[in-house]
Amino acid sequence: MSILEAIILGIVQGLTEFLPVSSSGHLQIAKEILGVTINDNIAFDITLHAATVLSTIVILWSEVKYLFKGLFMFQYNEQTKYVLKILLSMIPVGIVGVFLKDPLNEMLASPAILAIVGAMLLVTALLLLFAYKAKPRDKASISYRDAMIIGLSQAVATMPGLSRSGTTISTGLILGNQKVVVAEFSFLMVLLPIMGESLLELLGGGLLNSGIDGIALAAGFIASFVTGCLACRFMINIIKKGKLIWFSAYCAVAGLVSILCYIF
């Protein structure tokens, strides 16, 4: 993989991580178009995800700082409750990461990856449509029950092509949570899982043994971070205006095109 290809993939990851269109699906489509073959897809993808996690921290720094400030008061306050809800939401995706990492890596290398991505993009389109049609109840805070359900949806969204942000935000909206509240929870709940997975990959030598040039990896990371900052801020504004229906239409078209490209 060349430096230019890594930058392109980084831009794709950064732009689509926060948009409900599946960053993993678009990343695999981009790899197919560029003809990029990577020995360890998950190690590379996690590196780009780590960059978008960093962009989340930058854009939502005031919220992150607020949570840490309250957490280290060592009281059962609102910040502590919020962090506990995030930890609760992490359990399902943690189980998937431990027990299904190898099957997911094999799926990413499958010759039928375009068909899989296309099918999951269609599912994403349906979820966004349901969320758009859902009757708003405007719950002002995420409950522990909702945090667990949203966490389960995040675990399901490890399927390539099924948008993580689209799935978790749609689930939160269908459960009746306010748009901005569920969007921020969706963006914050992924921080610890990705950082933890990145650390495990680094300690386990996954990144060093991935066969990817270090400069190309760094270039992809930077590209993903910069575009991730732009996409994160853009997506929060989109959520406030309630225009998710357009992303539903986009995912439906992208899913059909992906499936047709696989067939023909």
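The values are calculated or read from the model by the stated rules, or taken from the named source; none is laboratory data. Source: prediction; values computed, not measured. So basically every Cβ, Gly included, is an ideal-geometry build from the backbone, and we count neighbours across all protein chains shown.
Can you give me the number of residues within segment 124-134 that are closer than 9 Å to Ser163 by Cβ and among the aliphatic types (A, V, I, L, M)? Looking only at that region, the number is 2. Here Ile150 meets each of (1) closer than 21 Å to Ser248 by Cα; (2) at pLDDT below 95; (3) not charged (D, E, K, R) with one exception, condition (2). Which numbered condition trips up Val36, out of (1) of a type outside the set (Lys, Arg); (2) at pLDDT below 90; (3) in a helix (DSSP H, G or I)? Among (1) of a type outside the set (Lys, Arg); (2) at pLDDT below 90; (3) in a helix (DSSP H, G or I), the lone unmet condition for Val36 is (3).
Could we say that Gly97 is modelled with pLDDT under 85, surrounded by fewer than 21 Cβ atoms within 10 Å (Cβ to Cβ) and in contact with a helix residue (DSSP H, G or I) (Cβ under 7 Å, 6 or more places away or on another chain) here? Can you show your working first?
On the way: modelled with pLDDT under 85: yes; surrounded by fewer than 21 Cβ atoms within 10 Å (Cβ to Cβ): yes; in contact with a helix residue (DSSP H, G or I) (Cβ under 7 Å, 6 or more places away or on another chain): yes.
The answer is yes for Gly97.
The set of residues in segment 168-195 being under 27 Å from Phe44 (Cβ atoms) and touching a residue at least 60 places away in the same chain (Cβ under 8 Å) consists of Ile169, Phe187, Leu188, Met189, Val190, Leu191, Leu192, Pro193, Ile194, Met195. The condition (being among the polar types (S, T, N, Q), more than 21 Å from Ser141 (Cα to Cα) and in contact with a helix residue (DSSP H, G or I) (Cβ under 8 Å, 6 or more places away or on another chain)) is satisfied by just one residue among Asn77, Asn105: Asn105.
Could you tell me which residue of segment 58-67 is farthest from the chain's Cα centre (by Cα), considering only residues that are surrounded by 12 or more Cβ atoms within 10 Å (Cβ to Cβ) and under 19 Å from Val181 (Cβ atoms)?
So, considering only residues that are surrounded by 12 or more Cβ atoms within 10 Å (Cβ to Cβ) and under 19 Å from Val181 (Cβ atoms), the one farthest from the chain's Cα centre (by Cα) is Tyr66.
Of everything in segment 225-252 that is part of a helix (DSSP H, G or I) and of a type in the set (D, E, K, R), the residue that is nearest to the chain's Cα centre (by Cα) is Arg233.
Looking at segment 132-141, is at least one residue over 28 Å from Ala43 (Cα atoms), of a type in the set (Phe, Trp, Tyr) and modelled with pLDDT under 90?
Let us first name the residues in segment 132-141 that are over 28 Å from Ala43 (Cα atoms), namely 132-141.
Imposing the further condition that a residue be of a type in the set (Phe, Trp, Tyr) reduces the set to 132.
Those left that are additionally modelled with pLDDT under 90: 132.
Within segment 132-141, one or more residues are over 28 Å from Ala43 (Cα atoms), of a type in the set (Phe, Trp, Tyr) and modelled with pLDDT under 90.
Count, please, the residues in segment 155-200 that happen to be under 20 Å from Ile142 (Cα atoms) and either touching a helix residue (DSSP H, G or I) at 6+ places or on another chain (Cβ under 6 Å) or assigned to a helix (DSSP H, G or I) (or both). So that I can check it myself, show each step before the final result.
Filtering segment 155-200 down to residues under 20 Å from Ile142 (Cα atoms) leaves 155-157, 164-193.
Pick out the ones that are also either touching a helix residue (DSSP H, G or I) at 6+ places or on another chain (Cβ under 6 Å) or assigned to a helix (DSSP H, G or I) (or both) and you get 155-157, 164-175, 179-189, 191-193.
Adding up the residues that qualify gives 29.
With the condition kept exactly as written, say whether any residue in segment 26-48 is touching a helix residue (DSSP H, G or I) at 6+ places or on another chain (Cβ under 8 Å) and under 21 Å from Ile238 (Cα atoms). Yes - at least one qualifying residue is present in segment 26-48.
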